[in-house]
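Take a look at the structure below.
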Amino acid sequence: MKRLPLWLMASALLSTALGAQEPHATTPPAPGESAQRNVILIVGDGMDDQQITIARNYLVGAQGKLLLDNLPMRGAVQILSIEDEIGGKPVYVSDSANTATSMATGEVTSRGRLSTRAGDNAPYPTIVELAESRGYRTGLVSTASVTDATPASFAVHMSMRLCQSPELMQKVTYGDIELGNCASETRSQGGRGSISEQLAESDLDVLFGGGGKYFAPSVEGEPDLTVLELAIQRGFTAIYSREDLLALESTDRVLGLFSEDTMPVRMRGEDGREAESPEPSWLNSVHRYLGEVTQPAIMRCEPNPDFGDMPSLAEMTEAALSVLHREDSPGFFLMVESASIDKQAHYRKPCGSIGELEQLEEALASALAFADKHPDTLILVTADHSQAAQLVPMKSLYASFPIPIFTPGKLARIQTPEGSTMAVNYATNNFSAEEHTGANVPIFGNTEAVGKVPTFLSQPEIFNIMSNYLGLD
């Protein structure tokens, strides 16, 4: 059994002293019950009810049901965030780093943070670390880079999510815009190092996703040792392709890096199209009641040629379950993320989001098949935050008025397989990337979740439910 680091024990005690939330009523393993318990947390990044409805309409039709819809437990989750100071005021729209931190630690922090406290950067113990200290096996699977905010929050402690590799610790830039740094958290300054370095030195048993480029640089202070080599040195078996994944035999610990950064998505808009602006005629510039408007042409969704021979999220999930399940273990914790529901929505690409939600459905099927054989497995499916896509009328409710009516945002009009057309709108800003939004998100669960998850809860309570199910309290 792995021992909890002293800083982690102190942090856990501090959290209790500060009044961490009580978990919803559930029952940890008792003497005489199954020797194993497992938790599979599936996160659809940005997967709010708008995204689910859009995907349902396309994948199974308006009167169809997704696998999500057939799960026996459903509720709603309130997302929480604060300003970047201890006890900061609420911030009503969150990001993937602080929301994943809530699920991973049961704590509320500020945007951009990975399992650290707002204001003073104190580390919060994560469910991965607590599970490992009790002998549980642990894994993280994502279609993003494994160094991205959601997976990293479960195993890393960092003040800023962008410090993904040693070379990004001193300065993170976009073009000529400096976005910040994590210089005080470098290894040379007594810190834990970059996100990739921390993952390489972690006790994770499975780590699957993209992000190879973040493991290519040298470890800080060790020019002859790359981060990937450090991970292998620390006991990971490294694999790099779908072929490697499908041929994977029994191994204790495995790191799969299947792309340089975020993994390509399965679907895209026709010829790569995304949402576009409606085009009003010149008369509309004379007066808003004059002229007419040309809406974006209707598009189809099509396979994304860049997806190529990428492993699917379901294949990564099945391989992770194979590695994690051991008869001599008390169980495991596995987080599976379909990341680009969110990432494609940022760039106004609804077909990409639909394909990612389809991938989540397939991964859920794999998890449910595992749980059928191993009943003491709690499966929760939720989102980290809501996103910018809106399902809007193809024909305005006010179309009978003799004036041009059109969205001030960008619009994609998608022909669905059932022969109709749906309009997906993006209008959170005038920038090149859309924003998150602040609504609550759904949570679903298998039969093990019934009675353990309330119909409405705050996001940090998800941590409490999972940790209590594993008997980590």
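The values are calculated or read from the model by the stated rules, or taken from the named source; none is laboratory data. Worth saying up front: this structure is predicted, and the values here are computed from it rather than measured. FYI the Cβ positions are ideal-geometry reconstructions off the backbone, even for glycines, and counts take in every protein chain you see. Each accessible area value is taken on the protein alone, full model and side chains, heavy atoms only, with ligands, DNA and RNA left out. Shrake-Rupley method; radii C 1.70, N 1.55, O 1.52, S 1.80 Å.
Miscellaneous remarks
- Amide H contacts under 5 Å for N304: M267, R268, restricted to partners 5 or more places along the chain or on a different chain, H placed in the peptide plane at 1.01 Å from N.
- Electrostatic tally near Y124: other residues with Cβ closer than 14 Å to its Cβ, Lys and Arg +1, Asp and Glu -1, net 0.
- What the phi angles of region 113-125 give under the Karplus curve with 6.51, -1.76 and 1.60, with θ = phi - 60°, is a coupling list of 8, 10, 6, 10, 7, 4, x, 10, 6, 5, x, 9, x Hz, glycine and proline written as x.
- Take every DSSP beta bridge whose two residues both sit in the chain; close to 45 percent of them are antiparallel.
- F208 long-range amide H proximity, modeled H, under 5 Å: L140, V141, S142, G256
- Solvent exposure ordering (accessible area, 1.4 Å, most first) of T101, T455: T455, T101
- Cα-based radius of gyration for region 394-473, normalised by 2.2 N^0.38 Å, reads 1.79.
- Note that the chain presents 42 Å² accessible area per residue, ligands and nucleic acids not counted, probe 1.4 Å.
- Debye intensity ratio I(q)/I(0), log10, the chain, q values 0.06, 0.07, 0.10, 0.12 Å⁻¹ (C-alpha model): -0.26, -0.36, -0.73, -1.04
- Sites N70 and E222 - FRET efficiency at Förster radius 51 Å, r taken between beta-carbons, to 0.05: 0.50
- Inter-site label distance for E279 and A297 at 7 Å from Cα along Cβ, in nm: 1.0 nm
- Region 374-422: proportion of alpha-carbon pairs further apart than 16 angstrom, %: 65 percent
- Entries of K65/K410; K89/K171; K349/K395; K65/K213; K89/K213; K65/K452 with Cα pairs more than 30 Å apart: K65/K213; K89/K213
- Surface share of carbon and sulfur [accessible, 1.4 angstrom probe, percent] for the chain: 51 percent
- 3J(HN,Hα) from dihedral phi, region 152-160, Karplus parametrisation 6.51/-1.76/1.60, rounded to Hz, x for glycine, proline: 4, 4, 7, 9, 10, 10, 7, 6, 9
- Measuring nothing but how far apart in sequence close Cα pairs (under 8 Å, 6+ apart) lie, relative to its length, the chain scores a relative contact order of 27 percent.
- J(HN,Hα) series, region 161-170, from Karplus relation 6.51 cos²θ - 1.76 cosθ + 1.60, nearest Hz, glycine and proline x: 5, 7, 7, 7, 8, x, 6, 9, 6, 7
- For S81, net neighbour charge (Lys/Arg +1, Asp/Glu -1) across residues whose Cβ lies under 12 Å away: -2
- Taking all pairs of distinct alpha-carbon atoms in region 169-249, Kirkwood radius in angstrom: 14.1 Å
- Normalised contact order of region 260-389, rounded percent, pairs of Cα under 8 Å and 6 or more residues apart: 30 percent
- What the Cα convex hull of region 215-260 gives, in volume per residue, is 63 Å³.
- Kirkwood Rh (inverse of mean 1/r, distinct Cα pairs), region 133-189, angstrom: 12.9 Å
- Mean separation of Cα contacts under 8 Å, 6 or more apart, over the residue count of region 100-234: relative contact order %: 23 percent
- Packing-based order for 273-282, 346-355, using average beta carbon neighbours within 10 Å, highest first: 346-355, 273-282
- DSSP bridge pairs, region 121-245: antiparallel proportion in percent, nearest 5: 55 percent
- For region 29-101, the normalised intensity computed at q = 0.18, 0.21 Å⁻¹ comes to -0.91, -1.01 (log10 of I(q)/I(0), Debye sum over alpha carbons, equal scatterers, no solvent).
- Dipole magnitude of region 135-231, debye to nearest 20 (Cβ charges: Lys/Arg +1, Asp/Glu -1, about Cα centre): 260 debye
- The charge dipole of the chain, taken about its Cα centre with unit charges on the Cβ atoms of Lys, Arg (+1), Asp and Glu (-1) only, comes to about 960 debye.
- DSSP bridge orientation in region 188-265 - percent antiparallel, rounded to nearest 5: 20 percent
- Order by protection proxy (mean Cβ within 10 Å, highest first), peptides 428-435, 139-146, 294-301: 139-146, 294-301, 428-435
- Taking label points 7 Å from Cα along the Cα-to-Cβ direction, D120 and K89 give a separation of 2.3 nm.
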